[in-house]
Each structure stands twice: as C-alpha cells, then as structure tokens.
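> To start, I am sharing the structure in question, which I have written as structure tokens.
The values are calculated or read from the model by the stated rules, or taken from the named source; none is laboratory data. Note that this is a predicted model, so its numbers are computed, not measured. So basically every Cβ, Gly included, is an ideal-geometry build from the backbone, and we count neighbours across all protein chains shown. The accessibility values were calculated without ligands, DNA or RNA, using every heavy atom of the protein model including side chains. Shrake-Rupley method; radii C 1.70, N 1.55, O 1.52, S 1.80 Å.
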Amino acid sequence: MATPELLPLYDTIAQCNRCGFCQAGCPVFRTTGSEHSLGRGRQAIGRALILGNMELTPDVAAALEDCLLCRGCTAHCFPAIRTDETVLAIRHAYIKRHGQPAWQRFLFREILADNKRLESAGRLALWAKRHGLVKVVERSGALRLVDRRFQVTEAMLPPMDARAFLRGDQERVPRPAEVLHRIGYFASCGLSFEFPEVVGATLRVLARNGCATTIMDNTCCGRPAHAYGDLDAARDIARKNVDHMAEEAEGLEAIVSDCGSCSTHLKEYGHLLKDDPVYSARAAALSAKVRSFSEYLASIGLEGELGAVTGTVTYHDPCHLSNRFARITAQPRKLLKSVPGVTFKELPEADWCCGAAGSYTFLHHEEATGVLDRKMGNVAKTGAQTLATECPACMMHLGYGARRKGLEVRVRHVSQILDEAYAAAD
C-alpha cells in the first residue's frame, strides 16, 4: 500500500544517488553502523513508501525513530538533501494513520499547549525529583507503563535544587541602570525548571546591557511536538503563543530566548503557519522579532566592564544554533573571547550533536550515549575547565557525560560566564 501523503517529497528524495557521503556526518551511524540510520537509508525508506514497495508499519516507524534530526547528513550531502524533513513527514504520516502513544498525545495536546498546566506539571516534577520519588518510580518499573525505555531518568537529570522560574514572575527581573532597549524574554521549559540559575544569569546580563525585559506569557515553543511528527499539535501550540505574544511584541525591539532550540523554532513560526489565513501574517511578524541570546547581545554590543574569569573555555554548538540551522556560531564565540582571563580553545567536531535531542537520550539511551562518548572524548582533548553552550538539553546531556567520564569540566551557559565576568568587575 503506497503512502501518497509523501508524494510532495518525491523530487527531493529522488536527488539521493546513494553515494554514502552522509556516513561522514551522521553521529548515529557512527554509533550503530546500521544502514537505516544513514540519510540514504532514510531516503530509501521514503521512496519505498511512496512507490508502495513498503508499508508504513510500526517496524518502519521504529526504524526512523533513531534520527536526531541534526542535519549532520545534510552538511555532507552534495545536493544538501534535508533528510530531517523526510523523517518528519513520515512520522507525521504514521501518526495520521496509526495514532500515537497516549503519553505523547497528552503531553503535546494538554500540557505543553497550556502554560498554566505546563508550570503545574513542571513544579510537580521538581517536587518528585527533590524528594527522591523519581528514583523510587524508576526502580519500581512504573515508568515502563508510559514507555519501557524511560528507565534512565534519575541518572540523566541535574540536581535541580534552585527555585523554578515561572512565567509572569516579573519581580525577579533586574532593572537596568539606564534603559537602552525594550525586549521580551521567552522562557524555555528546560531552563525554567532544570536550570533556573541560567535564567537568572541571562536576565542579569541583559539588564547590564540596558535591557528593560518583559517576561512573555508563553507556553512551550512546540519543538517537541514538531520533532515527533505531531505537526497538528505543533501548529496549535504556535497559534497559542502567537495569541499570547504577538500584540505585546509589537512594542518590543526583540524577543530573546537563551534556549537555542526555542529561538530557532520560534523563527520558523511564519513557515509553520504559512497556510493559515488567520495566523500567517502575525506568526511571520512574531518570528521576525526573535533572537537567540548570543545573537542579540552580539548585535547590540556588550556594555560595561567585564572582570576576569580565569581558565580555558570551549564551546559546543547546539544543533539548532549551528550552521545547519540558525547559523549562530560566531556570536557566542565572540562573547566568550571578550571575557578577560578566558583562554578559548576550539572543540573538535564542535557542531556534532551531543546526542541529547530533547527526549532522545531517554528513549534511545544506548545510541545517545555512544554519540555522547564521542563528544566527551573531544572535550577531554581541549583540556578545558569550562564547557559552554546555549541549550538546556545539551547542558543536561553534557553534564551527564562529564559525570559519566569523570571529567573535571563545568558545563555552563554562555550567559553564566558573562554574568560571572560582570560580577568580577564589581
């Protein structure tokens, strides 16, 4: 039985000549050695589905689950075929035909689509982590009722001892000495609950640079639903964020996010909702306002004096900020090199995925750990004391990698290093 929903991709898929250059850039293939993990393997599956030589069964869908959507294959492909788009289209077609796990539907449609429910769920998760309930539930095997692969949660998560940052918490936003810019801040789920100390550092650095910051009334950006192929849920989340933010954004210079995945996905709202007659124009206008943290700071130039932060620092490019997506690579490096006392050392394969990919590391832990081990081997080669990045999923996974390998390296957000430098100058 053919899969006609994929027909619009046929011309793209037909460009694949099965040369195998995608092997050089696929972190998963380097770990598994499986042909289906390659870009050409995934394109071959897409072609077979279109021609009716293969049916869209659970086994076929499972074969596409291990894709990181990192575009490593695209970077090594002469016609630059977007394998991630093929994988997403197949995932979406599978959901339309066979549905999705109940936990995914509930998470994407009920929790991530509503900022109040999202915050309630986040606070409940924090409470469970701090009181040891995550470990108890994991050991009991109860997580298998959700998905049998959710058995590494406790080891992966950081301590999460700090107070969560909640939307609307304008009282925790420092005021600039002089207002030079008026911006909005898009709070990411990962940073708000896993790393609220990063949010604090980001807001302090923005204030140091004359930013009067408004906390936007946003929910999840929708990237998780999109990555799983639930494009209907992703579009619904995008519409809700447009409703919540578009009017307020009109009076702001920019909307800044310190999560590379959030900022990049928000920039795609105009494309995601391009066929929606009600939302397309507003979504495009909102997307045009979005900037990543390093992108925005580099564009306005750092204000004030930076004190010394001694040590060697290296930087990991989150996939969504890399040259394969948003092309925000020079800016974080420029900011880090501007800090007195910092010796910056380039990370080998800095733009290779670390293996986090949101929930990928939980559901494909063996493959993700193989990818991570390669990354941490490169980190060790730099001899750096600090590993900087700009993505909460990467921070979580790289922190786990450092603990796993016994590396004495601190995983820090770019904003934390700048915040430390400003504090050192006081």
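> State the number of residues belonging to region 242-288 that are over 17 Å from His320 (Cα atoms), under 23 Å from the mean Cα position of the chain (by Cα) and part of a loop (DSSP other than H, G, I, E, B).
2
> Looking only at residues that are over 11 Å from Ala61 (Cα atoms) and small (Gly, Ala, Ser) in region 91-108, which one is least open to solvent (accessible area, probe 1.4 Å)?
The extreme case among them is Gly99.
> Let me ask another. Which pairs turn up if I take residues in region 382-409 that are on the phi > 0 side of the Ramachandran plot and look for partners that are at pLDDT 95 or above and in a loop (DSSP other than H, G, I, E, B) with beta carbon separation below 8 Å, at least 6 apart in sequence or on another chain?
Gly383/Lys345
Condition check ((1) of a type in the set (Lys, Arg); (2) touching a Leu at 6+ places or on another chain (Cβ under 8 Å); (3) crowded, with 21+ Cβ neighbours inside 10 Å) across all residues:
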residue	(1), (2), (3)
Tyr315	no, yes, yes
Pro318	no, no, yes
Thr329	no, yes, no
Leu335	no, yes, yes
Val339	no, yes, yes
Phe344	no, yes, no
Pro348	no, no, no
Ala357	no, yes, yes
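> Would you be able to say whether some residue in region 301-308 is touching a residue at least 24 places away in the same chain (Cβ under 8 Å) and either of a type in the set (Phe, Trp, Tyr) or part of a helix (DSSP H, G or I) (or both)?
no
> Open to solvent by less than 50 Å² (accessible area, probe 1.4 Å), modelled with pLDDT of 90 or more and in a helix (DSSP H, G or I), is that true of Cys22?
When the stated conditions are applied, Cys22 passes them.
> Filter region 403-416 for residues that are open to solvent by 10 Å² or more (accessible area, probe 1.4 Å), in contact with a helix residue (DSSP H, G or I) (Cβ under 9 Å, 6 or more places away or on another chain) and either under 19 Å from Thr343 (Cβ atoms) or part of a loop (DSSP other than H, G, I, E, B) (or both) and give the result.
Across region 403-416, the qualifying residues are Leu407, Glu408, Val409, Arg410, Val411, Arg412, Gln416.
> Can you confirm whether Leu6 is open to solvent by less than 30 Å² (accessible area, probe 1.4 Å), touching a residue at least 12 places away in the same chain (Cβ under 8 Å) and not charged (D, E, K, R)?
yes
> Any idea which of Arg105, Arg71, Arg117 is at pLDDT 95 or above and basic (Lys, Arg)?
Details: Arg105 fails: at pLDDT 95 or above; Arg117 fails: at pLDDT 95 or above.
When all the criteria are applied, what remains is Arg71.
> Can we say Val256 is at pLDDT 95 or above, surrounded by 22 or more Cβ atoms within 10 Å (Cβ to Cβ), in contact with a Phe, Trp or Tyr (Cβ under 8 Å, 6 or more places away or on another chain) and over 30 Å from Cys67 (Cβ atoms)?
no
> Scanning region 286-306 for residues that are open to solvent by 60 Å² or more (accessible area, probe 1.4 Å) and out of contact with any Lys or Arg (no Cβ under 6 Å at 6 or more places or on another chain), which turns out nearest to Ala425 (Cα to Cα)?
Glu305
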